[in-house]
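Chemist: Here you go, one structure.
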Amino acid sequence: MNTPRDWNTRATNRRERLARVARELGPALAGKQVDSAKVVALLDAVLEPGDRVALEGNNQKQADFLARALTKVDTARVRDLHMVQSVLSLPEHLDVFELGIASRLDFSFSGPQAARLARLVEGGHLRIGAIHTYLELFGRYFVDLTPKVALVAAQAADRHGNLYTGPNTEDTPAIVEATAFSSGLVIAQVNEVVDTLPRVDIPADWVDFVVPAPTPHLIEPLFTRDPAQISEIQVLMAMMAIKGIYAEYGVQRLNHGIGFDTAAIELLLPTYGESLGLKGRICSHWALNPHPALIPAIEAGWVQSIHSFGSELGMERYIQARSDLFFTGADGSLRSNRAFSQAAGHYACDLFIGSTLQMDLAGNSSTATIGRIAGFGGAPNMGADARGRRHASDAWLRAGREARRGLGGARGTPRGQKLVVQMVETFREHMQPAFVERLDAWQLAEQAGMALPPIMIYGEDVTHVLTEEGIANLLLCRTDEEREQAIRGVAGYTPLGLARDRRAVENLRDRGVIRRPEDLGIDVRDATRNLLAARSMRDLVRASGGLYEPPSRFRNW
Amino acid sequence: MSTAGIETLQYEFPGRHPASAFAPVLVGVVSSGNLEVLVEPAPGSDRCTFRIETSARGFGAIWEAVVRDFHARHGLSGATVSIHDMGATPAVVSLRLDQAARGVTGARP
């Protein structure tokens with residue numbers, strides 16, 4: 001019992017692993033560079049049973065070569081891994097659980113693999129620790145989910161092991177920082193090894209091994225929306241958003257969720273927004289991926305700055321040519337950073353607007369559907385009031401005043417509030433009502449044994465519900481009953497909308513809690529696709545002066 | 001599509017705003033998620049009649065609410081409204097009806 005405690009076991013373990021790699025790989029290891037053909041041997045030597053492993057699965061960029069290699073390790077040596085990763089996107093991300101290589105999972109988003117993930121959980125192939133937002137997961141990397149080994153992707157490395165990520169830096173800095181400074185090991189797959197990098201995104205002494213991948217890492221153009229698919233109803237809702245919310249509050253700093261609803265807003269700024277004289281008064285600063293749909297507004301001089309979570313395929317040359325607006329390196333290309341952009345969206349933006357699939361009468365909204373465990377991504381941090389925020393802006397102060405008018409005590413203490421707008425057509429495809437008594441999220445929580453229903457945006461945080469029927473301003477509602485009628489009052493011909501108390505709804509309309517298009521001075525018949533600043537992918541390319549180069553799947557002309 | 005899947009609905013309301021003579025108005029197209037609305041004069045009638053053919057069966061209550069609200073907005077008199085629908089949402093139906101009403105002389109803005 002008198003043996004002094006060893007306080008440096010992690011560093012010792014790290015040295016042992018490095019020595020093991022050197023021993024087992026022999027000449028396949030040159031400096032930090034590992035022969036591609038020996039990637040599985042590298043993982044066999046580095047990994048130990050029970051390791052917590054951060055496999056870089058981003059929203060867009062994927063460490064696909066390392067993900068494939070991980071499915072081929074020797075299960076006599078490597079098993080029971082605890083995977084911690086932002087996004088489950090590739091089949092290999094789940095194969096490791098089926099193969100018994102990994103058994104535990106903490107993650108943020110699993111959109112493309114959501115159905116298979118639900119089946120694997122049901123079959124007992126893995127245990128989910130928790131489903132997080134991106135910021136939460138990054139936070140836990142530095143508290144109780146620190147990775148032992150990080151498997152990341154970069155565009156290029158030099159001989160020393162410095163990494164260049166190119167425009168899709170995304171999550172790499174957060175993952176590498178947590179791993180490298182806790183005696184963990186960082187392995188990077190790179191598309192190429194060069195003598196001199198265009199810039200250094202990750203310094204070499206944070207990186208242990210570099211493996212050239214036989215093919216460039218996968219990357220998905222997730223934020224490209226073809227304007228040809230934007231409907232007149234989406235144009236109408238975009239007009240209401242601009243005139244009834246953006247102009248009303250003077251929203252200068254904002255984040256847009258993904259989808260056609262928000263693409264319509266972006267494409268209406270230089271046309272409808274211009275006609276209202278709003279240029280310079282709204283939409284100057286953005287936390288946003290480089291949405292191609294924003295090109296016409298940028299070209300018309302609406303935008304002053306954009307910080308991005310990740311990049312968008314095809315936008316590289318356009319971004320380089322518009323470096324006043326985007327965050328770019330000395331090499332000219334975008335530097336994205338999911339952690340910083342999430343922090344910016346949460347604390348430095350006055351408005352978030354996004355679409356949803358289901359909303360209940362408390363204003364809770366969810367994209368969860370039965371049989372799919374899809375997770376959250378970043379929306380809950382974008383679409384939540386930042387309770388720690390202390391700096392003021394006009395939009396934030398006005399929202400706070402509206403929410404607190406007439407209240408006393410702690411609830412009435414003056415403070416601002418973030419504008420959180422849920423934009424949703426009353427019916428989805430196949431006449432599925434978007435407004436429901438009970439979110440599917442509750443049933444999913446019961447089926448999957450979750451502690452809470454996976455609600456994307458809590459009703460308490462939602463300030464405005466925008467449908468084709470109008471805008472419900474929940475900030476002005478003082479009771480649960482008022483809030484319910486305000487939501488029913490814009491729920492259109494859905495069963496919940498038809499069951500509204502007509503007198504109560506008219507009363508809310510008189511008070512400005514509910515505003516119809518005609519209350520905003522909008523004639524619904526003006527909502528035509530002619531208002532879109534670009535009506536096709538080709539229009540976007542033209543607006544960019546030929547700098548935007550859409551991926552082939554979007555080249556439909 | 002066979003007509004077996006088509007549901008036909010008919011509604012009629014007393015008009016409030018007699019339209020002066022107007023040429024028939026046609027808006028929209030019959031395609032998935034869309035509809036065609038034809039408004040024709042019905043000389044001598046003081047009513048507005050809606051005749052709906054829709055490929056989406058079982059939404060009679062919603063159709064009735066949609067055309068009732070449309071009629072409350074415009075109150076056309078002496079008009080027949082024919083609708084050929086292929087699963088448009090109520091939002092699109094209301095928009096098309098309002099677009100059609102714009103073309104009818106004497107209808108309120």
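Quick note: the coordinates plus some simple rules give every number you see, no bench work behind them. Just so we're clear, the structure is a prediction, and the values are computed from it rather than from any experiment. Neighbour counts are summed over all protein chains in view; Cβ atoms, including those assigned to glycine, are modelled from backbone coordinates with ideal geometry.
Chemist: Out of all DSSP beta bridges with both ends in the protein assembly as shown, state the antiparallel percent to the nearest 5.
Modeler: 40 percent
Chemist: Now for a different question. Once both labels are modelled 7 Å past Cα along the beta-carbon direction, what's the residue A:300-residue A:228 spacing in nm?
Modeler: Those two pseudo-labels are separated by 2.3 nm.
Chemist: Turning to a different aspect of this structure: Could you name the lysines whose alpha carbon sits less than 22 Å from that of residue A:243, not counting residues in the same chain fewer than 8 places away?
Modeler: A:279, A:418
Chemist: Would you mind listing how long the range A:287-354 runs along its three principal axes, going by Cα atoms, in whole Å with the largest first?
Modeler: So the extents along the principal axes, rounded to whole Å, are 29, 26, 20.
Chemist: Using Cα atoms only, what is the angle between the long axis of helix B:60-74 and the major principal axis of chain B, expressed in degrees (0 to 90) to the nearest 10?
Modeler: 20 degrees
Chemist: Let me ask something else. Between the range A:51-96 and the range A:351-398, what is the C-alpha centre distance in whole Å?
Modeler: Each part's Cα centre sits 29 Å from the other's.
Chemist: Next question. For chain A, what is the calculated [θ] at 222 nm in deg cm²/dmol (nearest 500), taking -39500 (n - 2.57) for each run of four or more DSSP H residues and dividing by its residue count?
Modeler: Details: 20 runs with 162 residues, N = 557.
That calculation yields -8000 deg cm²/dmol at 222 nm.
Chemist: Now for a separate question. Where the Cα atoms of the range B:7-105 are projected onto their three principal axes, how long is each span, largest first, in whole Å?
Modeler: Computed over the range B:7-105, the largest-to-smallest principal extents equal 34, 23, 19 Å.
Chemist: Only bridges whose two residues both fall in the range B:7-105 count here: according to DSSP, what percent of them are antiparallel, nearest 5?
Modeler: Numbers: 20 of 29 bridges.
Here the antiparallel bridges make up roughly 70 percent for the range B:7-105.
Chemist: Which of the lysines could a cross-linker bridge to residue A:61, judged by Cα under 24 Å and excluding same-chain residues fewer than eight apart?
Modeler: A:32, A:38, A:72, A:148
Chemist: Now for a separate question. Trypsin sites (Lys or Arg not before Pro) within the range A:1-73: which are DSSP loop residues with at most 10 other Cβ atoms inside 10 Å?
Modeler: Sparse-neighbourhood loop trypsin sites (Lys or Arg not before Pro): A:5.
Chemist: Which value, in debye to the nearest 20, describes the size of the charge dipole of the range B:7-105 about its Cα centre when Lys and Arg Cβ atoms bear +1, Asp and Glu Cβ atoms bear -1, and nothing else is charged? Please report the intermediate quantities before stating the final value.
Modeler: Details: 8 positive and 10 negative charges, 41 e Å.
Rounded to the nearest 20 debye, it is 200 debye.
Chemist: What size of dipole, in debye to the nearest 20, comes out for the protein assembly as shown about its Cα centre when the only charges are +1 on Lys and Arg C-beta atoms and -1 on Asp and Glu C-beta atoms? Spell out each step's value before the answer.
Modeler: Values: 71 positive and 76 negative charges, 213 e Å.
With Lys and Arg at +1 and Asp and Glu at -1, about 1020 debye.
Chemist: Mind checking the dipole of the range A:122-217: about its Cα centre, +1 per Lys or Arg Cβ, -1 per Asp or Glu Cβ, Debye to the nearest 20? Before the final figure, lay out the partial values.
Modeler: Values: 5 positive and 12 negative charges, 32 e Å.
For the range A:122-217, the charge dipole is close to 160 debye.
Chemist: Could you check what % of the DSSP bridge pairs in the range A:1-126 are antiparallel, to the nearest 5?
Modeler: On the way: 3 of 11 bridges.
Expressed as a percentage, antiparallel bridges in the range A:1-126 total about 25.
Chemist: Could you point to the residue in A:54, A:39, A:8 farthest towards the positive end of the range A:1-55's charge dipole, with +1 and -1 charges on the Cβ of Lys/Arg and Asp/Glu respectively?
Modeler: Farthest towards the positive end: A:8.
Chemist: Please report how far the C-alpha centroid of the range A:467-546 lies from that of the range A:108-147, rounded to the nearest whole angstrom.
Modeler: The range A:467-546 and the range A:108-147 have Cα centres spaced 35 Å from each other.
Chemist: What distance in nm lies between label points placed 7 Å from Cα along the C-beta direction at residue A:16 and residue A:160?
Modeler: So the label points at residue A:16 and residue A:160 sit 3.2 nm apart.
Chemist: To the nearest 0.05, what FRET efficiency results for residue A:542 and residue A:23 with a Förster distance of 60 Å applied to their C-beta separation? Provide the component values of the computation, followed by the final result.
Modeler: Working: r = 59 Å, r/R0 = 0.99.
Working from the Cβ atoms, E equals 0.50.
Chemist: Using the 10 angstrom Cβ neighbour count as an exposure proxy, how do A:187, A:282, B:6 rank, fewest first? Write down the numbers at each step before the final one.
Modeler: On the way: A:187 27, A:282 23, B:6 15.
In order of increasing Cβ crowding within 10 Å: B:6, A:282, A:187.
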